[in-house]
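Novice: Can you keep this structure in mind? I'll have questions shortly.
The values are calculated or read from the model by the stated rules, or taken from the named source; none is laboratory data. Since we're looking at a predicted model, the values are computed, not measured. For neighbour counting, all protein chains shown are included, and Cβ atoms are generated from backbone atoms with ideal geometry for every residue, glycine included.
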Amino acid sequence: MANPKTFSQKTADVTRNWYLIDASEAPLGRVATQVAKYLIGKDKPTYTPHIDGGDYVVVINAKKTVVTGNKEIGKVYYRHSGFPGGIKDATLKDVREKNPTRIIEAAVKGMIPRNKLASERLNRLRVFEGEDHPHAPQQPKKVEVK
């Protein structure tokens, strides 16, 4: 019996697809895990942990993001200016009114591994408030989130 070699993907062999996900179809956590899976490339049989083989993901309807339970007023987003006493907080309801794309971006960022590839993966995430997006020429494949 021959000794099979372990497959390791090379950077030159990476092919990137485009996916379209509607955030109004499923709860925030399910949407974020699906998006993170595509950004990391875990859906591909050629997945290699140290190579960034992920795809581009377009998320639409961020303003209509579905959350369960009491998260609309109970979930709090924090940011810090870097100065003493510079911490600011906002509930999910406030963030949805001012910058709804931040909801999806923060959820996906929390599900991406913290390593050297994280920023490059997050750069391939495109989030839009409504139905319209400028990535129609890329012909993204619509993905149903269950």
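Novice: Could you tell me which of the residues Lys5, Lys71 is modelled with pLDDT under 95 and farther than 20 Å from His135 by Cα? Give the steps one after another, and end with the answer.
Specialist: Working: Lys71 fails: modelled with pLDDT under 95.
Unique residue meeting the criteria: Lys5.
Novice: Select from the range 67-94 the residues that are in contact (Cβ under 8 Å) with a residue 12 or more places away in the chain, in contact with a strand residue (DSSP E or B) (Cβ under 9 Å, 6 or more places away or on another chain), more than 19 Å from Lys109 (Cβ to Cβ) and not acidic (Asp, Glu) and list them in ascending order.
Specialist: If the condition is that a residue be in contact (Cβ under 8 Å) with a residue 12 or more places away in the chain, in contact with a strand residue (DSSP E or B) (Cβ under 9 Å, 6 or more places away or on another chain), more than 19 Å from Lys109 (Cβ to Cβ) and not acidic (Asp, Glu), then Thr68, Ile73, Gly74 are the ones that fit.
Novice: Next question, about the same structure. When both residues are 6+ apart or on different chains and their Cβ atoms are under 7 Å apart, which pairs have a first residue that lies in the range 96-122 and is among the hydroxyl-bearing types (Ser, Thr, Tyr), and a second that is part of a helix (DSSP H, G or I)?
Specialist: As it stands, the answer is Thr101/Ala62, since those pairs meet every condition given.
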